[in-house]
Amino acid sequence: MTKPAHTNSADSPFPAGFLWGASTSSHQVEGDNHNDWTVWEEANAQRLAAAAQQNPSLPPHVRAAAHDPRNYISGAAADHYHRFATDFDLAAELGHTAQRFSIEWSRIIPEPGEIDMQEVSHYQEVVAALRQRGLEPVVTLWHFTLPKWVAARGGWANARTIEYFCEYVRVISAAIPEIKFWLTINEPNIYSTHGYLLNKWPPGQRTFFNYFRSQMNMAEAHRRAYKIIKLASPMAQVGIAHNGVYFIPSRNNVFDKFAVRLSRWWNNFWFLDRLQGHQDFIGFNFYFRNRMHGFQVRNMNERVSDMGWELYPEGVGRVCLEYWDRYHLPVMVTENGLADANDAHREWYLTEVIKSIAAASHSGAHIIGYLHWSLLDNFEWAEGFWPRFGLIEVDYTTQKRTIRKSALAYRDIIKSMH
Ligand code: BGC
């Protein structure tokens, strides 16, 4: 097979400057946040712990943690807000060349019209610390958490939030104009499904109208943020972190095939289609292969994570190809990983994922980065702390970091690519 023009040498399927690294988000690791999620956690921790006690499908090694109501309060999290520099030392030691993180909107604009310049400086320091260690920053502007005042005014269901978000984007894009890679919004489809249909996350409203309207508002917010960032730095590359699923039919019949086409269009493409002309690359997070049996998902589940999610590493490369074929824009894997407290599957999973990306690249897809979820163990939203996604383990009592074996395997893969 002939090599695609965007790859760097005869041996490596990855283009020069390929980003190897990991991701985090502010609320999940920083600690001491005050936003709509912290309010929701206080109101729901007891209920979530009680539900976990009734859940027989939790693996035995996570039960004690999941049954404790404190598991559901983000609190000090991984204290990354104070420990970012030493955490980035570890990332650099692990051979990473990039780090995705998010800026916490509620820190920057805690009250309407009030910009906290100290918090702006904090994130400037975060960016400088990454650069000093040779890590390319990939900045997310919104990863699921709203300032309380924005939530009180209706959050993403209210079109005024578009303007509030743009104000925040203006502040940040002017403060760190040297950023090359921006992600405006993380997984709008997942957010709206959990917040407005399933009642699993704030705002917990369950209205189809707001499910739809929140996504339309986020699409408009992205389009406007794109222009704001480009005005501040024309060379910046701007995208979103979408949620991409690999759908296949469970049977060779017209119903399952139809379900695959419709699900793929709705989950993978509908939102991104609204951003055409306002994206420089396609960022996507990959966790799921859905084998459609009509509109039910029936997976093989040969290997599953601690959360019961099927591990299907080949799906990553497949979705890269789907995005490349549809949009012909560079593709970045902005998240991919597994909850695996015992680090039993992570090395195998990572190795297979990277093979699948290499195969997609050989087939012609232009892929520019792979960012594993996550650098650190973190607060997994309504599941709290028990799911362990980190390349680096966090002891939440002492805040001690321990590098997992799989992180060393990832380091060796990265090294072998240079
Ligand atoms: C989100 C992360 C989350 C991860 C694992 C993605 O949906 O962007 O915040 O921790 O998946 O569930």
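In the list Thr193, Thr140, which residue meets the criterion of being part of a strand (DSSP E or B), within 20 Å of the chain's Cα centre (by Cα) and under 30 Å from Tyr370 (Cβ atoms)?
The unique qualifying residue is Thr140.
Can you tell me which residues in the stretch 196-209 are of a type in the set (A, V, I, L, M, F, W, C) and assigned to a helix (DSSP H, G or I)?
Result: Phe208, Phe209.
Could you look through the stretch 356-380, keep only residues that are part of a loop (DSSP other than H, G, I, E, B) and among the hydroxyl-bearing types (Ser, Thr, Tyr), and pick out the one that is farthest from Thr398 (Cα to Cα)?
Taking the candidates together, the pick is Ser363.
Would you tally the residues in the stretch 307-342 being in a loop (DSSP other than H, G, I, E, B), within 14 Å of the ligand (Cβ to nearest atom) and within 18 Å of the chain's Cα centre (by Cα)?
Qualifying residue count, the stretch 307-342: 7.
Hey, can you tell me all the residues within the stretch 238-294 that are among the hydroxyl-bearing types (Ser, Thr, Tyr) and either in contact with an Asp or Glu (Cβ under 6 Å, 6 or more places away or on another chain) or within 16 Å of the ligand (Cβ to nearest atom) (or both)?
Matches in the stretch 238-294: Tyr246, Ser250, Tyr287.
Could you check the stretch 92-110 and list, in sequence order, the residues that are of a type in the set (Asp, Glu) and open to solvent by 30 Å² or more (accessible area, probe 1.4 Å)?
Glu93
Condition check: surrounded by fewer than 22 Cβ atoms within 10 Å (Cβ to Cβ) and of a type in the set (Ser, Thr, Tyr). Does Ser250 satisfy that?
Spelling it out, Ser250 is indeed surrounded by fewer than 22 Cβ atoms within 10 Å (Cβ to Cβ) and of a type in the set (Ser, Thr, Tyr).
Assess whether Ala407 counts as being under 23 Å from His96 (Cα atoms), open to solvent by 60 Å² or more (accessible area, probe 1.4 Å) and not in a strand (DSSP E or B).
no
Show me the helices (runs of 4 or more DSSP H) entirely contained within the stretch 26-112 in which 1 or more residues are more than 16 Å from the ligand (Cβ to nearest atom) and more than 23 Å from the chain's Cα centre (by Cα).
36-53, 60-67
For Ser416, state whether it is more than 15 Å from the ligand (Cβ to nearest atom), part of a helix (DSSP H, G or I) and crowded, with 24+ Cβ neighbours inside 10 Å.
Criteria not met by Ser416.
Residues being open to solvent by 30 Å² or more (accessible area, probe 1.4 Å), assigned to a helix (DSSP H, G or I) and small (Gly, Ala, Ser): count how many of those fall in the stretch 144-182.
Qualifying residue count for the region: 3.
For residues that are touching a Phe, Trp or Tyr at 6+ places or on another chain (Cβ under 8 Å) and of a type in the set (A, V, I, L, M, F, W, C), scanning just the stretch 372-404, find the one that is surrounded by the most Cβ atoms within 10 Å (Cβ to Cβ).
It comes out as Leu391.
Counting just the residues of the stretch 75-118 that are in contact with a helix residue (DSSP H, G or I) (Cβ under 6 Å, 6 or more places away or on another chain) and of a type in the set (S, T, N, Q), which one comes out farthest from Gly134 (Cα to Cα)?
Ser102
Just wondering, is there one or more residues in the stretch 343-363 that are open to solvent by 20 Å² or more (accessible area, probe 1.4 Å), within 15 Å of the ligand (Cβ to nearest atom), acidic (Asp, Glu) and in contact (Cβ under 8 Å) with a residue 60 or more places away in the chain?
No, because not a single residue in the stretch 343-363 is open to solvent by 20 Å² or more (accessible area, probe 1.4 Å), within 15 Å of the ligand (Cβ to nearest atom), acidic (Asp, Glu) and in contact (Cβ under 8 Å) with a residue 60 or more places away in the chain.
Answer yes or no as to whether Leu376 is within 16 Å of the ligand (Cβ to nearest atom), modelled with pLDDT of 95 or more, in contact with a helix residue (DSSP H, G or I) (Cβ under 9 Å, 6 or more places away or on another chain) and under 22 Å from Asn186 (Cα atoms).
Yes.
The values are calculated or read from the model by the stated rules, or taken from the named source; none is laboratory data. In this text, all values refer to a predicted model and were calculated from it rather than measured experimentally. Every residue, glycine among them, receives a Cβ derived from its backbone with ideal geometry; neighbour counts consider all protein chains shown. Note: areas computed on protein heavy atoms with side chains; ligands, DNA, RNA excluded. Shrake-Rupley method; radii C 1.70, N 1.55, O 1.52, S 1.80 Å.
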